[in-house]
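The structure appears right after this line, and notes come after that.
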Amino acid sequence: MRLEKCYVCSSTVYPGHGTVFVRNDARIFRFCRSKCRKNFEMRRNPRKLKWTKAFRKARGKEMVVVGASYKWSLFRRAALACACVPSRSDEYVIFRIQRSTSSDRETPRQNTTES
């Protein structure tokens, strides 16, 4: 079973799905849905369509694997930074709720409009 990629949006085209366009020079274009085929026929550039993978890669919004090398030191620093942020315990949250409700009861609201 061979999985192809859509020419416009780079999504997976499974066998028996999508359409194929063959140009006179024998170049094959596969499309996952009619939206992609119509955009190709209108000669739209996939790098300028915001919903395509090509747009996301061109704008630096997608993580592109270049030789499968990641900056692991950056990931480690991020993980350590997340661990240093203190999380609020349930007791603290309950204490805050009780304190706010008890202070509302103890100090009655004063009427600011005097007649």
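Cross-link list LYS38/LYS61; LYS5/LYS71; LYS5/LYS35; LYS50/LYS71: which exceed 21 angstrom alpha carbon to alpha carbon?
The pairs that break the limit, which is 21 Å between Cα atoms, are LYS38/LYS61; LYS5/LYS71; LYS50/LYS71.
What list of ³J(HN,Hα) values in whole Hz, one per residue of the stretch 21-35 in order, does the Karplus curve 6.51 cos²θ - 1.76 cosθ + 1.60 (θ = phi - 60°) give from phi, with Gly and Pro shown as x?
Each residue of the stretch 21-35 in turn: 10, 10, 7, 4, 8, 6, 7, 9, 10, 10, 10, 7, 8, 5, 4 Hz.
Could you tell me which residue out of ALA26, PRO46, PRO15 lies farthest along the dipole of the stretch 11-52 toward its positive end? Charges go on the beta carbon: Lys and Arg +1, Asp and Glu -1, centred on the Cα centre.
PRO46
Quick query: amide H of VAL13 versus all other amide H atoms, modeled in the peptide plane; which residues come in under 5 Å with a sequence gap of 5 or more or a different chain?
Those lying under 5 Å, H to H, from VAL13 are GLU4, LYS5, CYS6.
Does the stretch 1-48 classify as rounded, prolate or oblate by the C-alpha gyration tensor (a ≥ b ≥ c root eigenvalues; a/c under 1.5 gives rounded; else a/b over b/c gives prolate, otherwise oblate)?
Note, shape of the stretch 1-48 comes out oblate.
Bear in mind that the values in this text are calculations on the coordinates, not laboratory data. Small disclaimer: the values here were computed from a predicted structure and weren't measured. Cβ atoms come from the backbone with ideal geometry, glycine included; neighbour counts cover every protein chain shown.
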